[in-house]
Amino acid sequence: TPLISKPAPKRWPAQITKVGIPCSDGATQEAMWFAPASTEKKPLLVGLHTWSSSYASAGGDAVYAEWCVAQGWAFVHPDFRGPNWTPPALGSERAVLDVVEAVAWAKQQTQVDETRIYLIGVSGGGHMAMLMAGRHPEIWAGVSAWCGIDDIAQWHAEHTKNGVPDKYAQNIEAALGHAPVKGDPEAWKRSPLSCLQNAATVP
């Protein structure tokens, strides 16, 4: 029989709540959050939003939440500075720290099994999942990155036709403050390929 996939949910499960996570720069990072009532140590899944989305975007990411509710896992869906078209977003130092601080906050809210903290993301979330695997391999028991962007300057080039940038190339230019070329240091720092070798031991 063929595999029949159901459409992605349009809203978060009722058990998921909106929270504010204090950031070390004084900002508040909004996130979606779930922790089961159990006081036992539990796995934590960190779900990362897509390129043009934010913490509040449900769709496919709500499937992660539904699964965590069913399995009795904790779940956090941080904003890490929102869609990838501002300088603090798109894998910046600040965005990376937002994900680290979301994990630390989750561990303050409920008993988390620190040997079972997982990360998942698609597209822009896949980009950030690979970047987080390389930047902070010590956190993750496993990382699932789907169709993520691994080289920002290369992706910009692929989205520029006859010198004209499309929507995604324009997003990159807005985030970096310029159009990147091959070897661009700021684009490279925000690219998973710059650090992915550090994730060699991360499943």
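The values are calculated or read from the model by the stated rules, or taken from the named source; none is laboratory data. All values reported here derive from a predicted model rather than from experimental measurement. No Cβ is skipped: glycine too gets one built from the backbone with ideal geometry, and neighbour counts run over all protein chains shown. Surface areas here come from the heavy atoms of the whole protein model, side chains and all, with no ligands, DNA or RNA. Shrake-Rupley method; radii C 1.70, N 1.55, O 1.52, S 1.80 Å.
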Can you list the HN-Hα couplings for the stretch 142-154, worked out from phi with the Karplus curve (6.51, -1.76, 1.60; θ = phi - 60°), rounded to whole Hz and with x for Gly and Pro?
x, 10, 10, 10, 10, 6, x, 8, 9, 9, 4, 5, 5
Once amide hydrogens are built 1.01 Å from N within the peptide plane, the residues lying 5 or more places from Ser144 or on another chain with amide H under 5 Å from its amide H are Leu119, Ile120, Gly121
For the stretch 1-113, which whole-number percentage of the solvent-accessible area (1.4 Å probe, protein heavy atoms only) is attributable to carbon and sulfur atoms?
55
Overall Cα dimensions of the stretch 105-203, principal axis frame, Å, largest first
52, 26, 21
Tell me the per residue accessible area of the stretch 4-115 using a 1.4 Å probe; a whole number in Å² is fine.
46
Please list, short to long, the whole-number percent of alpha-carbon pairs of the stretch 31-128 in consecutive 5 angstrom bins beginning at zero.
3, 15, 26, 25, 17, 10, 4, 1
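Given a Förster distance of 35 Å, report the FRET efficiency between Asp166 and Lys41 from their Cβ-Cβ distance, rounded to the nearest 0.05.
Values: r = 46 Å, r/R0 = 1.32.
Working from the Cβ atoms, E equals 0.15.
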Whole-Hz ³J(HN,Hα) from phi, Karplus 6.51 cos²θ - 1.76 cosθ + 1.60, for the stretch 116-121, glycine and proline x
9, 10, 10, 9, 9, x
Taking the Cα centre as origin and putting +1 on Lys and Arg beta-carbons and -1 on Asp and Glu beta-carbons, what dipole magnitude results for the chain, to the nearest 20 debye?
400
Starting from the Cα of Gln111, step 7 Å along the direction of its Cβ; do the same at Ala174; then give the gap between the two resulting points in nm.
4.5
Can you order the peptides 182-194, 119-131 by their average number of other Cβ atoms within 10 Å per residue, highest first?
119-131, 182-194
Relative contact order (percent) for the stretch 1-83, with alpha-carbon contacts under 8 angstrom and 6 or more residues of separation?
37
Pop a pseudo-label 7 angstrom from the Cα along the beta-carbon direction at both Ser24 and Gln154 and give the gap in nm to one decimal.
3.0
If you take every DSSP beta bridge fully contained in the chain, what fraction is antiparallel? Give it as a percent rounded to 5.
45
Among the stretch 70-87, those whose backbone N falls under 18 Å of a label point 7 Å along Cα→Cβ from Thr17 are 70, 72-79
Please list, in order along the stretch 69-76, the HN-Hα scalar couplings obtained from phi with the Karplus expression 6.51 cos²θ - 1.76 cosθ + 1.60 (θ = phi - 60°), rounded to whole Hz, x for Gly and Pro.
4, 5, 8, x, 9, 7, 9, 9
Given charges at beta-carbon only (K, R positive; D, E negative), |dipole| of the stretch 44-164 in Debye
120
Could you pull the Cα extents of the chain along its three principal axes, largest to smallest, in whole Å?
56, 44, 33
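Summing -39500 (n - 2.57) over the DSSP H runs of n ≥ 4 in the chain and dividing by its residue number, what mean residue ellipticity at 222 nm do you reach, to the nearest 500 deg cm²/dmol?
Result for the chain: -9000 deg cm²/dmol, rounded to the nearest 500.
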Tell me, what is the FRET efficiency for Val181 and Glu93 to the nearest 0.05, using R0 = 22 angstrom and their Cβ-Cβ distance as r?
0.55
